[in-house]
1. Quick check on Ile170: is it buried (at least 21 other Cβ atoms within 10 Å of the Cβ) and of a type in the set (A, V, I, L, M)?
2. Go over the candidates Gly334, Gly310, Gly293, Gly318 one by one and state the one that is loosely packed, with under 14 Cβ neighbours inside 10 Å, within 24 Å of Pro14 (Cα to Cα) and either free of Cβ contacts under 8 Å to residues at least 24 places away in the same chain or touching a strand residue (DSSP E or B) at 6+ places or on another chain (Cβ under 9 Å) (or both).
3. In the range 334-352, what residues are away from the ligand (no atom under 11 Å from the Cβ) and touching a Leu at 6+ places or on another chain (Cβ under 9 Å)?
4. Is it the case that Val159 is surrounded by 24 or more Cβ atoms within 10 Å (Cβ to Cβ) and modelled with pLDDT of 95 or more?
5. Search the range 90-110 for residues being in contact with a Leu (Cβ under 6 Å, 6 or more places away or on another chain) and either farther than 15 Å from Thr32 by Cβ or at pLDDT below 95 (or both), and hand back the single one that is surrounded by the most Cβ atoms within 10 Å (Cβ to Cβ).
6. Condition first: of a type in the set (Gly, Ala, Ser) and either within 17 Å of the chain's Cα centre (by Cα) or under 18 Å from Glu178 (Cα atoms) (or both). Now tell me which residues in the range 211-253 satisfy that.
7. Hey, can you tell me all the residues within the range 308-333 that are more than 14 Å from the ligand (Cβ to nearest atom) and either in contact with a Lys or Arg (Cβ under 6 Å, 6 or more places away or on another chain) or acidic (Asp, Glu) (or both)?
8. When you scan the range 229-243, do you find a residue that is buried (at least 24 other Cβ atoms within 10 Å of the Cβ) and β-branched (Val, Ile, Thr), even just one?
Amino acid sequence: MTYTLNDDSPLLKPFDSGVIHTPHRVFMAPLTRLRAESDGTPTDLQTEYYRQRAGAGLIITEATQSSASAGGAYMNTPGIHNDAQQAKWAEIAEAVHNEGGQIFVQTWHVGRVAHPDLPGGDPVAPSAIAADGKAHGPNGSVPLVTPRALETSEIPGIVDAFRTSARRAIDAGLDGVEIHGANGYLLHQFLGDDTNQRTDEYGGSPANRARIVIEIVKAVVDEIGADKVGIRLSPGHKANGMNESDTVPVHQELLRAIADIPLAYVHFLIEPTDPVLATLRPEITVPFLLNTGFAIESDFAQLEKLVADGTADAVIVGRWYISNPDLVERLKKGAELTEPNQATFYAPGAEGYTDYPSLETQNA
Ligand SMILES: Cc1cc2nc3c(=O)[nH]c(=O)nc-3n(C[C@H](O)[C@H](O)[C@H](O)COP(=O)(O)O)c2cc1C
């Protein structure tokens, strides 16, 4: 497939927000690729992978553990909660900066999607309700378990892990942090009325269900500055067993509570035709990044239109960046795009990870 972005394409206009200054508006999506060490330390292979993709303008990294007990949904996901991990992230940041790119780390807690068979897996959630799904651990696929409901007294520790991991990110030289509030992981589990049946101040009303997310945004902003912070949300996304019935009011509460904070961006994973987007869009007071999602293969004509008409300020692209490290160069030239090989999305090693050619290496 080919697509040509003309010189006057809205996607080729510079983007400036907070610490982000990029020459175009086609940013790289957070993509879990399972190439870290089993203890969450990033590897040289990851450094090379991100270095190759520095032309994305802004890279949002794969989801990364905010604490030692925040992961355990998949094997070999990275963390950013100890010195060894931080040192390796510093190498990644330097490699991306040397190529002229910028990089935000996406920090997460997987909540009930964790499995006790996996390293760091501590399935906790707002309520003791299991997700319908499987974990992929050392012993193969296993059904997810019923999580333990977090005590109210544990919540400050969860918030604090997002704060301290953000501090480590900045100390490592990364440009900023994206708080992962999407895709059915812990923060989304708090937002959802199906997954959150708490009776304390973190459950019940939309304002209560949004509370932990608001506290995390404020804590991270307080630690590193709003200009270095973004948040990803996926209102209504039925990922990891989510099935919210009131996604609009809870996301409204959240967006209103953070409206006065000059975040670098708010990022949604949502289909552009979803009426939830039209309802929530006016609540967003900072630059808006849109990932059109799994239902539609990123259609670049549509992405151009979404930025031209102001629906989004920049677009986020996932799978095309997996297989085209120099995606924007290819789009500028109308060069053939390499199709991604799904079989190697989560496989170990360089194959399907760092061996996709750029135009330069392809023609060398
Ligand atoms: C291999 C793979 C890994 C992903 N990992 C993450 C992740 O770590 N964090 C996240 O927020 N979304 C993750 N996603 C979702 C992507 O960010 C994106 O929303 C999705 O791929 C749709 O965009 P696309 O059509 O441009 O690929 C992942 C998707 C894929 C295909």
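The values are calculated or read from the model by the stated rules, or taken from the named source; none is laboratory data. Treat the numbers as computed from the prediction; the structure is a model and nothing was measured. Here the Cβ positions follow ideal geometry from the backbone for every residue, glycine too, while neighbour counts run over all protein chains shown.
1. Numbers: buried (at least 21 other Cβ atoms within 10 Å of the Cβ): no; of a type in the set (A, V, I, L, M): yes.
No, not satisfied.
2. Numbers: Gly334 fails: either free of Cβ contacts under 8 Å to residues at least 24 places away in the same chain or touching a strand residue (DSSP E or B) at 6+ places or on another chain (Cβ under 9 Å) (or both); Gly293 fails: loosely packed, with under 14 Cβ neighbours inside 10 Å; Gly318 fails: loosely packed, with under 14 Cβ neighbours inside 10 Å.
One residue alone meets the criteria, Gly310.
3. Gly334, Ala335, Leu337, Pro348, Gly349, Ala350
4. On the way: surrounded by 24 or more Cβ atoms within 10 Å (Cβ to Cβ): no; modelled with pLDDT of 95 or more: yes.
Taking the combined requirement at face value, the residue does not satisfy it.
5. To start, the set of residues in the range 90-110 that are in contact with a Leu (Cβ under 6 Å, 6 or more places away or on another chain) comprises 93, 102-103, 105, 109.
Applying the additional criterion that residues be either farther than 15 Å from Thr32 by Cβ or at pLDDT below 95 (or both) yields 93, 102-103.
Values: Ala93: 22, Gln102: 21, Ile103: 25.
In this case the residue turns out to be Ile103.
6. Within the range 211-253, Ala219, Gly225, Ala226, Gly230, Ser234, Gly236, Ala239 qualify.
7. The answer is Asp309, Asp313, Pro325, Asp326, Glu329.
8. Yes, the range 229-243 contains at least one residue that is buried (at least 24 other Cβ atoms within 10 Å of the Cβ) and β-branched (Val, Ile, Thr).
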